[in-house]
Amino acid sequence: MSAVNGQGLDLFPPVPPPSARLSVVDLAGESLDRRLAATTLQGQANSSGEAVLYLLAAHWDQFWLDRLVETGAIEGYSRLSVDEAFATFASRYRSIVVYDSQVPASMNVATALASVESGVVAGEEDAATLAGGRPIIDLRGRFRSNAEAYQWALEEIWPRLSHRVIAAYHPTATSHMLRDYLVARRVMPIWVTSEERSDGQVAVHADELAVFEELLRVSPENIPMVGFITSGPDAGLTEYGGVGLAGEYGKFSVVCDFMSNSSLLSGVPTDLAGALQSYWSRTRRPAPELDPTKVYLAICIVESGDAPGYWQSRQYQVWEDPMQGRVPINWSVGPAVYELLPPVFAYFVERASPLDHFYTAISGAGYVHPYRGFLDASAAPEAAWNRYLELTAQSMALLGSPELGLYTDAWRPFDRELQDPTTRRFAEGVPGLEMLLMGMGRDEGFDERSATYVLPPKDVVVSHVLTRWPHDHHALSRDENIAWLVEDIRDQTPADRPGFMAVMALSWSHDASSLSEVLDRLGPDYIPVLLPEFRSLWREARG
């Protein structure tokens, strides 16, 4: 089980609890190779007994370290340099695995090999120093291409690795922050170079894709694929293509390529069930009285909630906003967040106000595209579907919220005659489900009259998101993103009253202050509500 008070879904291999006192290493200013060595050392140091090593690898790491002290999860910590850490934990590793700088895949292969050989991964300049007389496993010159390296790993290392998780992880992106978890839990990392980045020699998209599909075939169904399919300087298989392909084989994506210290944080004993019980008891409130002249908006943070790394990094900054807790916002959250970062999610649950509503993120147990051939390539699709719905139901029961987000098909036309059978799988196969929030932005063919409806026989309310977001949102100013959302809401506003709209506010562009300004610009005819209120008011208005 995970550290969620013994009540996790068991999606991930368990990790040890942390020691009362930790050793903390600051990686600021360290080279990528030193970071690589340090994160793989962390994986070995935290793999058994008690987790003892915490890295300051990103700006958010000090914040969460301080939280561990504040909550009593640890008693304190001592600071070490990278060199001191290797000396202190010399007994935790028995070999050095040297990657080949000419073959990027060898870095992932070295990570997998280190995990089964009690090793640490190093570049050629650090190898001899870190070895200290230990055996050096040298991968330089061993492989001619990325695909050859991954094929060798699949044949020779995969049988010794965990088969409960796989990883899509770019060899150099995100400063190796996830490698501690990959080493500690013996996870196979793989990457498919995009066609644009292929050189036809070392990096060959088609060859790497073939090995990736082989890994998808031989690994079990309904397991997480951590990391992310597109990352950093390389689009890889792209989010749309890669998540869809993995889903065909029954792998759900857990976006955590920039998650740090998970080999330690995953094991922090956390009474998340108790925190959630307290949250629901203090935040439940009746729906407001229906005003037939108003437009009711359910403002939802639809995307990113499934990503543990998002909660660890951007979300805690969003919640430092002075307006946080004063605007009704619906926050999606995925079960991987409870299991991989239980003390992180507990922080938000404990701080949530009656205007913060949590619901289960896209698309249940993990991020998948259920309308795009999901599980079609599995050995027994119907059995796999039943298991996925079971995991989704369990995750919703843990959270305690009856709403679920579903990914549709990226703003493309949604043909209900073709798509309703999949929607019904969730509506009829997930006990306790009362509402489906559809899409990561408005799909073609939906407007204010057709966006919300009921699916019999269980009368689950289905509501399609009616807004989108600008693709260049990162380049826009705060005011421009606010103006864009205001205009899109107005464009989609129902002509009839009372009106009802599910609105997506992009997580990377908005916080409570910006959404408060959106509402100010819209004016008093628009009323923000939480999803339970939206559902109740819509039913009342429709009789």
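Only the coordinates and a few stated rules stand behind these numbers; no lab work does. The structure presented is a predicted model; accordingly, all values stated were derived computationally and were not measured. Don't worry about glycine lacking a Cβ; one is built from the backbone with ideal geometry, like all the others, and counts go over all protein chains shown.
Taking a ≥ b ≥ c as the square roots of the eigenvalues of the Cα gyration tensor, an a/c ratio of 1.5 or more together with a/b no larger than b/c marks the range 295-520 as oblate. Placing a label point 7 Å from the Cα of E382 along the Cα-to-Cβ direction, none of the residues of the range 208-228 has a backbone N under 11 Å of that point.
Site pair E155 and S81 shows an inter-label distance of 4.4 nm when each label is modelled 7 Å from Cα along Cα→Cβ. For the chain, the longest principal axis of the alpha carbon atoms and the long axis of helix 272-283 meet at an angle near 20°.
A simple packing score, the average count of other Cβ atoms within 10 Å per residue, orders the peptides 183-195, 152-164 as 183-195, 152-164, with the highest score first. Helix 416-429 axis versus longest C-alpha principal axis of the chain: approximately 70°, rounded to the nearest ten. Got a sec? Which residues in the range 106-129 would a label at S31 touch, if it sits 7 Å along Cα→Cβ and we count backbone N under 19 Å? Only 106-108, 110-111, 120-129 pass the distance filter. Peptide packing for 366-373, 27-34, 102-109, 91-98 was compared via the average number of neighbouring C-beta atoms within 10 Å per residue; ordered from the highest value, the list is 102-109, 366-373, 91-98, 27-34. Counted residue by residue at 0.36 nm each, then reduced by the alpha carbon distance between them, the extension gain from D491 to A131 reaches 123.2 nm. Label zone (Q201, point 7 Å along Cα-to-C-beta; backbone nitrogen cut-off 18 Å) within the range 146-177: 146-149. For the chain, the mean residue ellipticity at 222 nm estimated from helices alone is -11000 deg cm²/dmol, where every DSSP H run of n ≥ 4 contributes -39500 (n - 2.57) and the total is divided by all residues, rounded to the nearest 500. Annotation: amide H-H contacts under 5 Å for F500 (H modelled 1.01 Å from N, sequence separation of 5 or more, or interchain): Y296.
Mean sequence separation of contacting Cα pairs (under 8 Å, at least six apart), scaled by the length of the chain, corresponds to a relative contact order of 14 percent. Length available on full extension from Q317 to R21: 0.36 nm per residue minus the Cα-Cα distance, which gives 103.9 nm.
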